[in-house]
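For reference, the structure discussed in these notes is given below.
Each reported figure results from applying straightforward, stated rules to the coordinates on display, with no laboratory input. Values in this document were obtained by computation on a predicted structure and should not be read as measured data. As a convention, Cβ positions derive from the backbone with ideal geometry for all residues, glycine included, and neighbour counts pool all protein chains shown.
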Amino acid sequence: MQRTPRQQRAKSTVEAILDAGFISLGRHGLAGTTTTHIADIAGVSVGSLYEYFKNKEAIYEAMRDRFVRDLIGVLQPLTPRIVRMPVVEAIPILLYDVQALLLRDEQRYLKYAREVFNADFRFDLTDVSRSLGDIIVQYLLHNPQYAGMQRFAAMSYIFVNAGMFTVIRHMSDPNPPITYDELVDGLAHMVGHYVRMERQLARRQHSGEPGAAADSTSV
């Protein structure tokens, strides 16, 4: 049975193993990495590594948890700032801070994301999606003029999940067809266009303008 790290030294060892896992993944790839590689980089024996992790897959799972935790740690502190911004300005703030996270520490997280996406590795981002959903709720609370938009729940789900996948997929591509700036601009304007059109439709329906009801269901 693997030990649960309780003392600071044990926690530091676990963190060192996870750091080494990211480094090894960048050097050897998802399939090529071994527990021996990870232990050597971490400066611990393989036996010590197995005190905390059952196998390589358990290390990968803990690495994913740390990546998700750090990603949420980037997103949540931005909430008080972006809720006071127009939506087309708020989205780039989020996306550029995510980019900064992926690029830090010699692109450690970017190399990790590239490996897991290209290998079709099971990559659960439910907690990140939930965190972004919470940000949207806070945005609506501070901007009630957007609360009456039709299909808002469905569109928010689409924008959050499709946007998340697109950003990580783009940064995982060594030769993307567009720049990151173009991606950010495109996502911001896609959401901005939806918001603008829905608000225009809501105003027309409120004023009783002919054809507004038909527009709400037309494509």
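Points worth noting:
- Across the range 1-54 the C-alpha pair distances fall into 10 Å bins from zero in the proportions 28, 55, 17, 1 percent.
- Once Rg/Rh (Cα atoms, Kirkwood Rh) is calculated for the structure shown, the corresponding label among [x] 0.94; [y] 1.09; [z] 1.17 turns out to be [y].
- The chain: relative contact order in percent, alpha carbon pairs under 8 Å with at least 6 residues between: 20 percent
- Alpha-carbon centroids, the range 14-52 and the range 116-169: separation in whole Å: 33 Å
- On Cα atoms only, tilt of 8-32 relative to the major axis of the chain in degrees: 80 degrees
- The calculated FRET efficiency for ARG203 paired with ARG81, based on their beta-carbon distance and R0 = 30 Å, is about 0.60.
- Charged-residue dipole, Cβ positions (Lys, Arg, Asp, Glu), the chain about Cα centre, Debye nearest 20: 460 debye
- Rounded to 10°, Cα long-axis angle of helix 152-172 versus longest principal axis of the chain: 40 degrees
- Angle of helix 56-75 to the longest C-alpha principal axis of the chain, folded into 0 to 90 degrees and rounded to 10: 40°.
- At full extension, ASP97 and GLN8 could sit 29.1 nm farther apart than now, given 0.36 nm per residue minus the alpha carbon distance.
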